[in-house]
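Single-structure report; data block below.
Where a number appears in this text, it was derived from the coordinates with a stated rule and is not lab data. These numbers were taken from a predicted model, which means no experiment stands behind them. Here the Cβ positions follow ideal geometry from the backbone for every residue, glycine too, while neighbour counts run over all protein chains shown.
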Amino acid sequence: MRNSRALAASAAAVAALGLAAPSAAARDGMNFRLSNIVALPSVIARGGQLTITVDGCPSGGTATSDAFQPTPLTPIHGANQTAKGTAVINHNARPGAHSITVNCNGQTLTNPAAFTVIGGVRGGLGGSTSSGATPTDMAIGGGLVAAAVIGGGVFWMRRRAEKHI
């Protein structure tokens, strides 16, 4: 019974050490792999600032997209192998999903739908952009004025007739 417990504990320790060894060797040998491109916020309007972080890029790199200018990524001090940058979304970026491609230490990684640009609303002037009243507008306005004049005249004539009785 004691031998089986000791054997199980030894096997668990060897397995844990065996799983941790490749990551330690990669960290010590500076063999970094780009991974995990994150864009925040994931939904953004034109002209907004987008924060990009990427893992496995300890010396910095460049992030590119069709929605913003190439953006430098700088290492984050205190965070292992992570780089960060801030991009400004172009005012003429098309609405919809956009990808981000990161180039770091000669490696390239793409996140195909990293963020979504939302289109602006058309607000403001609301119909006052025409050059003036159309003939239809003039006909409707003239008809309303004529109806008001005739209605006022009829009312005035009836009131006048009531006073003479």
(request) Return the distance in nm (one decimal) between the two label points of a simple spin-label model at residue 155 and residue 59, each offset 7 Å from Cα along Cα→Cβ. (result) 8.7 nm
(message) Starting from a Cα-only point model with no solvent, please compute log10 I(q)/I(0) by Debye for the stretch 63-108 at q = 0.32 1/Å.
(response) -1.22
(request) Extending each Cα 7 Å along its Cβ direction at residue 91 and residue 49, get the distance between those two points in nm, one decimal. (result) 1.9 nm
(request) Could you calculate the FRET efficiency of residue 113 with residue 134 from 1/(1 + (r/R0)^6), where r is the beta carbon distance between them and R0 is 41 Å, rounded to 0.05? (result) 0.35
